[in-house]
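Please read the structure below before turning to the comments.
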Amino acid sequence: ARPDQDLDQPFTTGCLDPSVMAAQPRENATFVMLARNSEIEDARLTVENIEWQFNRWFHYPILFLNDVPWSDEFKDVLSRAVSNGTEVKFEIIDKGKWGFPEKMNEKEKTKAKLQMKKQGEKGVNYGDMESYHHMCRFYSGEFYNLEALKPYKWYWRLEPSVRYSCALTYDPFAEMAKRNKVYGWTIALWEMGETCPTLFKTTDDYRIEKGIPRSPAWNALFQVMWFPAPVRWFLGLLGLSEHDNSGNKWNMCHYWSNFEIANLDFFRSDTYQDYFRYLDSKGGFYSERWGDAPVHTLAVHMLLPPEKIHHFSDIGYEHDTLWQCPGNAAMDKQLLGNKALGDTGKMTTPSEGGTGCRCKCQENTRRRNINSECTSE
Ligand code: GDP
Ligand code: MN
């Protein structure tokens, strides 16, 4: 579900002079990458790439997070992956913020482990990987309360083996702040329903309980269907509760959270943290495999007006098999009557040299990967 495009134009078009842009007023912001010691190579590739495409001009700090102590090798290699002037920090996640909720007793943990095992047997994606459940729960809520993030107002999330395929010559934090944006994304895709059958209904129950009105952003998450009351009752009985309380089905669309540029104050707020605690109390991070991506998306659409959500359609981004190519943004822009954005041209990677922000994500195509695009129309 993309917010109304009239409310959400790209921040700039074409190439700007990054050294001029970097000299402008800055935001309190940091990169964040959760990683494992074993991901040293993929983490290095990400860092070298983002440094090349953006951060060698802007020098925002990079904060590495781990649930176990960092190896000397990781610290060594990653410290050398940044350009002169970029600060790196290696943090261990505060005690109690990783793993099962502190409130959970041994009996409940045993039950949760059994439930995860069952998810594995059913073939739920990462269903039987306990650490993955912990990661999703962490990024859904505890992450925002880290001591290490206290000094900052904004974060930009990185992961091992992501790739930015174009230079970014403006400061996205400064632009987000200037335009009152809270949440920025690149790729929206459909969630695998079996990972979170009750997440949407749980969220809608919460919304009703708190008297939060249905907003246009919330409505954008529906695949609209209407069922008479007895049918709704029956669906509830079957546990088909990706339906909301009116029998409308979630369209499964969510923002892929391995890229996020967002305002920490929103996620640290009582409003968001209360929602996270509510979800946590329902147990779905373990009894199901609720992902941090749909949790963030549902919260953002429940609590924010659409104009506070920004699609970075100008950022070339790749991770795993999904990517966004601004070449496709050119097509979008044509529809909007502005052909300046999304020029394709030379790919800018360290090995090729060059600093142009003209971008080509992928050979033979100028489309955004259609598998990654959710449209609610
Ligand atoms: P996927 O992108 O959903 O397939 O999941 P990833 O395996 O990429 O995990 C998402 C992020 O969480 C990546 O940044 C991983 O490095 C990180 N991550 C996942 N599990 C763990 C873990 O157990 N420990 C640590 N330190 N990081 C983790
Ligand atoms: Mn990943």
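The values are calculated or read from the model by the stated rules, or taken from the named source; none is laboratory data. These numbers were taken from a predicted model, which means no experiment stands behind them. Virtual Cβ from ideal backbone geometry, glycine too; neighbours counted across all protein chains shown.
Out of Ile62, Ile40, I need the residue that is away from ligand 2 (no atom under 16 Å from the Cβ) and among the β-branched types (Val, Ile, Thr). Which one?
On the way: Ile40 fails: away from ligand 2 (no atom under 16 Å from the Cβ).
On inspection, the qualifying residue turns out to be Ile62.
What is the residue count in region 127-144 for residues that are within 16 Å of ligand 2 (Cβ to nearest atom) and either of a type in the set (A, V, I, L, M) or out of contact with any Gly (no Cβ under 7 Å at 6 or more places or on another chain) (or both)? Full working, then the answer.
In the first step, residues of region 127-144 are kept if they are within 16 Å of ligand 2 (Cβ to nearest atom); the result is 129, 131-136, 138-140, 143.
Then drop every residue that is not either of a type in the set (A, V, I, L, M) or out of contact with any Gly (no Cβ under 7 Å at 6 or more places or on another chain) (or both), which leaves 129, 131-133, 135, 138-140, 143.
Number of matching residues: 9.
Among the residues of region 192-212, those identified as closer than 30 Å to Ser38 by Cβ and either of a type in the set (Lys, Arg) or in contact with an Asp or Glu (Cβ under 9 Å, 6 or more places away or on another chain) (or both) are Glu194, Thr195, Cys196, Leu199. Of the strands (runs of 3 or more DSSP E) entirely within region 131-212, those holding at least 1 residues that are surrounded by fewer than 19 Cβ atoms within 10 Å (Cβ to Cβ) and within 16 Å of ligand 1 (Cβ to nearest atom) occupy 154-158, 162-164, 188-190.
Taking every residue in region 206-224 that is within 13 Å of Lys249 (Cβ to Cβ) and pairing it with any residue that is of a type in the set (Asp, Glu), at least 6 positions away or on another chain, the pairs with Cβ-Cβ distances below 9 Å are Leu221/Asp244; Phe222/Asp244. Somewhere in region 337-345, is a residue at pLDDT 95 or above, more than 21 Å from Arg163 (Cβ to Cβ) and away from ligand 1 (no atom under 16 Å from the Cβ)? No - not one qualifying residue is present in region 337-345.
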